[in-house]
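Colleague: The structure follows.
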Amino acid sequence: MQDMEKQESPSVQQDNPAVEAAAAPAAEQAAPAPAAAAEPTLEDKLAAAEAKAAELQDAFLRARAEGENIRRRAQEDIAKAHKFAIEGFAESLLAVKDSLEMALKIENASLESLKEGVDMTLKQLTSAFEKNKLQEVSPQAGDKLDPMKHQAVSAVPAEQEANTVVAVLQKGYMISDRLLRPALVTVAQGK
């Protein structure tokens, strides 16, 4: 019977609310101690924040320097493009200049040979224009006046419809889609 009382007494102690209440604070006090040791101190948090701030500042300064380098390189590229934009066109005109100089060196050139030389030089010049996207603007008689490509110098009485091209006084030129010089034309007056 004493054995049963001994067995009952531990279970009575476990069921006793006073014993449980006394054991609970002791367990809580023991548990926070390891958690408090794992939690970083304010100094640790400050050091981590300062390290992160230094890292971000370094990344910012590097990005800013890279942006400045890109801007500087772009400005240099633009300056070079402006400076040497005409290089290809000038290169293609060198052959034309050489041909004209050679024609002037000939002492006793016949009219036939001069005409042939001028024709060949004109072909070289036309080839240089085509290579560099320089196109003629040469409207035909009867074409409608296009104020974006043509400049009417005068209006003359004609059998054509009003504001149509009668004659081309000077060809115009375009570089790609941009007007370099308008064609000078005379147009028909209204009837």
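The values are calculated or read from the model by the stated rules, or taken from the named source; none is laboratory data. Remember, predicted model here, so these are calculated numbers, not experimental data. For neighbour counting, all protein chains shown are included, and Cβ atoms are generated from backbone atoms with ideal geometry for every residue, glycine included. Ligands, DNA and RNA are excluded from the accessible area calculation, which covers all protein heavy atoms including side chains. Shrake-Rupley method; radii C 1.70, N 1.55, O 1.52, S 1.80 Å.
Colleague: Here is a list of conditions, (1) closer than 29 Å to residue 181 by Cβ; (2) out of contact with any Phe, Trp or Tyr (no Cβ under 6 Å at 6 or more places or on another chain), and residue 132 meets all of them except one; can you say which number that is?
Modeller: (2)
Colleague: Here is a follow-up. Any idea how many residues of segment 126-143 are more than 31 Å from the chain's Cα centre (by Cα), closer than 21 Å to residue 94 by Cβ and of a type outside the set (Gly, Ala, Ser)?
Modeller: Restricting attention to segment 126-143, the residues satisfying the condition of being more than 31 Å from the chain's Cα centre (by Cα) are 126-127, 137-143.
Retained after the next criterion (residues that are closer than 21 Å to residue 94 by Cβ): 126-127.
Subset that is of a type outside the set (Gly, Ala, Ser): 126.
Residues flagged as more than 31 Å from the chain's Cα centre (by Cα), closer than 21 Å to residue 94 by Cβ and of a type outside the set (Gly, Ala, Ser) within segment 126-143 amount to 1.
Colleague: Kindly indicate whether any position in segment 103-111 is closer than 30 Å to residue 175 by Cβ and either of a type in the set (Lys, Arg) or touching a residue at least 12 places away in the same chain (Cβ under 8 Å) (or both). If you could, list the steps in order and put the result at the bottom.
Modeller: Of segment 103-111, the ones closer than 30 Å to residue 175 by Cβ are 103-104.
From the residues that got through so far, the ones that are either of a type in the set (Lys, Arg) or touching a residue at least 12 places away in the same chain (Cβ under 8 Å) (or both) too are 103.
Checked segment 103-111: at least one residue is closer than 30 Å to residue 175 by Cβ and either of a type in the set (Lys, Arg) or touching a residue at least 12 places away in the same chain (Cβ under 8 Å) (or both).
Colleague: Still on this model: Return the residue satisfying two criteria in turn: it lies in segment 104-134 and is part of a helix (DSSP H, G or I) and basic (Lys, Arg), and of such residues it is surrounded by the fewest Cβ atoms within 10 Å (Cβ to Cβ). I'd like the intermediate steps shown before the answer.
Modeller: Going through segment 104-134, the residues part of a helix (DSSP H, G or I) turn out to be 104-105, 111-131.
This time we only want the ones that are basic (Lys, Arg), so: 105, 115, 123, 131.
On the way: 105: 7, 115: 11, 123: 12, 131: 12.
This residue is 105.
Colleague: Checking the structure you have, find out if any residue of segment 135-143 is open to solvent by 50 Å² or more (accessible area, probe 1.4 Å), within 28 Å of residue 85 (Cβ to Cβ) and in contact with a helix residue (DSSP H, G or I) (Cβ under 9 Å, 6 or more places away or on another chain).
Modeller: Checked segment 135-143: at least one residue is open to solvent by 50 Å² or more (accessible area, probe 1.4 Å), within 28 Å of residue 85 (Cβ to Cβ) and in contact with a helix residue (DSSP H, G or I) (Cβ under 9 Å, 6 or more places away or on another chain).
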